[in-house]
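Just below is one structure, and these are the notes that go with it.
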Amino acid sequence: MDVNVREFRGNLSSYLKTIQKTGETLTVVSRRRPVARLVPISAHDDTNPILPGIRWAMKPPRLTRPVTERPAIEGMSLADWVVENRR
C-alpha cells in the first residue's frame, strides 16, 4: 500500500493499526517517490536484526582497552588516524 507523506502524518495511528491487523507493508511516498517503508513485526520475530559487526545490547559497550586520553590527530585526517591506530 502506498500513501503520501501528508496523508501519512495526518492518519499515522490508523495506518499503524492497519499494518498491525493486516500484516501489510506500507510505503510512504513524497512526490511519487518512495521515501520510507513500514513493515509489520511478526509475532515470532522478537529478536533484534543480525547485522555483521554489530552487537545489540541494552547496556554500554565494554571497551577492549582503556581510553585514557583523547587522541591528538593534528596534521592528519580522522580516517588516517583510525587506520594508523587499528589493532
Quiz item: Counting just the residues of the range 35-45 that are at pLDDT 90 or above and over 11 Å from Met1 (Cα atoms), which one comes out farthest from the chain's Cα centre (by Cα)?
Solution: Val35
Quiz item: How many residues are surrounded by 11 or more Cβ atoms within 10 Å (Cβ to Cβ) and free of Cβ contacts under 8 Å to residues at least 24 places away in the same chain when one looks only at the range 18-36?
Solution: 7
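The values are calculated or read from the model by the stated rules, or taken from the named source; none is laboratory data. Since we're looking at a predicted model, the values are computed, not measured. Glycine also receives a Cβ, built like all others from the backbone with ideal geometry; neighbour counts cover every protein chain displayed.
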